[in-house]
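Derivation of every value follows stated rules applied to the coordinates shown; laboratory data play no part. Every value quoted in this text rests on a predicted model; they were computed, and no experiment measured them. In this analysis, Cβ positions are derived from the backbone assuming ideal geometry, glycine residues included, and neighbour counts consider all displayed protein chains.
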Amino acid sequence: MLSGNTLLIKEVNKNLVRESLKLLRQATKQELAAKTGLSVVTVNSLLADMIKEGEVFEGEMVPSNGGRPSLSYHYNVNFSHGIVVFGHQKENKNCIHLAVVDLSGEIVYREETFIEDIHIDSFEEMIDRGIKKVESVSIIGFGLPGEEEEGIVTINDYSRLIGEEFMSHYKERYKVPVIFVNDVNAAVNGYFHYKGAGGIRNVAGIYFPRLYNPGAGLVLSGEVYTGYKSFAGEIGTMPLGIDWPKLNYSSREETAENIGKLVASFACVIAPEQFVLYGDFFQEGDAIRIKEYVRILLNGKFDAYVVVSEQFEEDFEQGMIRFILEQTGNKYILSRKGL
C-alpha cells in the first residue's frame, strides 16, 4: 500500500511514466498504462503536464490492435543533462575527464585535461565549458579516488579536497545536486552492467594506479557495496606487508605474487564470482599467473575468475553516467507498507 501526500504520489507516478517512456523510446497512452500499472486517465493527465514542461513530445499516429490509431509519445532526452567529472592516473599524471550526457546516457560533449596540482576550484573551468554546450544541467557527479559521507570528503588522493568545503562549493556555485562516487566503485559499476558475464552477481574490481595505493570496488548481489562510512574498498593499508607505491610493477613475478595475495584475501572474505583488475602494466598471461598464485595460497580451495583490463577509463565513465542517471530518476522517496 502506498502512503504519502497527493503531490508526492503524483511525482512518483510521473516518474513511473518517465522511466517507462525512456525504456520504450516511444509509446501510446495505452502502452504506458500497461507498463506502469496506472490508469489511462492518470497517464493522460501526467503526459499533459510533461508535454507542457517540455519533457515529453507528441509523435505520430500508430496503428492499434484492430482499433483506431493512437498517438505516440516520445521522451525528450535533451530535457536536461548531467555532467560527470572523473579523475585517474594516466601517464603517471592526474588526468581529469568531463562528459556531458543527455537523459538517455548519450555523451554530447567531452574533454580531458591534465592538472598537476588539484585544488577545490580546479574543475570549475571544465564544468563551465560543459554547461555552455547545453540548455540545462540538473546534476553534477564527481568520480574521484576517495570517499565522501554526508557531504564531507573523508579520504582522497587529492588531499586538498578533503573536508566539507569541496561538495558545498560546487552545490552553491551551480545550484544543482552534486554527488561524489569513489573511482573504483564507478568503474566496477560500469563493468558489471555493461561487460560482466551473464548471471554473475558479485564482482570485485581493483585498480592499481602505481603512484598511489590500490583501491577496490565491490558489486554484491548486483548492487555497489560501499560499507560502513563508505570505507569498503580502501585496501591500500591492508596489513599484507606490501608497500604498493614502491612495488616494482615492471617485474611480472613480483607483481603477480603481491596481487595474488590481495586477491586471495578478498576471496577469503567476499568470494566474488569475478575479479577485474585494472592497471596499465598488465601483460598477456598475467591473469593466469595471478590466478595460480591464488590457488597456491588457498590450497586449491578457491578458483578465482580473474580478468585484467586496461579499460579503467571506459568503465569509469560508463559507471559514472549510470550513477547520475539513477539519481535523476530517484528524486522522490516513497514509503511502502507491508513489504
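Prolate is the label for region 1-105, because the ratio a/c of its alpha-carbon gyration tensor axes (a ≥ b ≥ c) is 1.5 or higher and a/b is greater than b/c.
Taking 51 Å as R0, compute the FRET efficiency from the Cβ-Cβ separation of Glu60 and Lys195 and round it to 0.05. Rounded to the nearest 0.05, the efficiency is 0.90. Partner lysines whose Cα lies under 21 Å from the Cα of Lys93, excluding those fewer than 8 positions away in the same chain, are identified as Lys246. How far is helix 40-53 tilted off the main Cα axis of the chain, in degrees rounded to 10, range 0 to 90? The angle comes out near 70 degrees. For the pair region 197-234 and region 129-164, the centres of their Cα atoms are 19 angstrom apart. Note on Leu8 and Ala271: the model spin-label points, each 7 Å out from Cα along the C-beta direction, lie 4.1 nm apart. Listed by chain and number, the lysines whose C-alpha is less than 25 Å from the C-alpha of Lys229, apart from same-chain residues fewer than 8 away, are Lys171, Lys331. Once Kirkwood radius over Cα pairs in Å is calculated for the structure shown, the corresponding label among [x] 22.9; [y] 22.2; [z] 21.6 turns out to be [y].
Between Gly260, Gly130, Gly227, the Gaussian network model of the chain with springs among Cα atoms under 10 angstrom shows the greatest mean-square fluctuation at Gly227.
Each of Leu144, Tyr158, Pro209 was scored by the projection of its Cα onto the charge dipole of region 134-212, and the greatest displacement toward the positive side belongs to Pro209; charges sit on the C-beta of Lys, Arg, Asp and Glu.
Overall, the anisotropy analysis places region 186-312 in the rounded class: the square-rooted eigenvalues a ≥ b ≥ c of its C-alpha gyration tensor yield a/c less than 1.5.
Once the Cα atoms of helix 165-174 and of the chain are each reduced to a long axis, what angle between those two axes, in degrees from 0 to 90 to the nearest 10, is obtained? On a 0 to 90 degree scale, this one is about 30.
Remark: the chain carries a charge dipole of roughly 1400 debye about the Cα centre, counting +1 on each Lys and Arg Cβ and -1 on each Asp and Glu Cβ.
Between the alpha-carbon centers of region 245-260 and region 42-82, tell me the distance in whole angstrom. Measuring centre to centre over Cα atoms gives 56 Å.
Rounding to the nearest 20 debye, state how big the charge dipole of region 1-75 is about its Cα centre with +1 on each Lys and Arg Cβ and -1 on each Asp and Glu Cβ.
Numbers: 9 positive and 8 negative charges, 28 e Å.
I would put it at about 140 debye.
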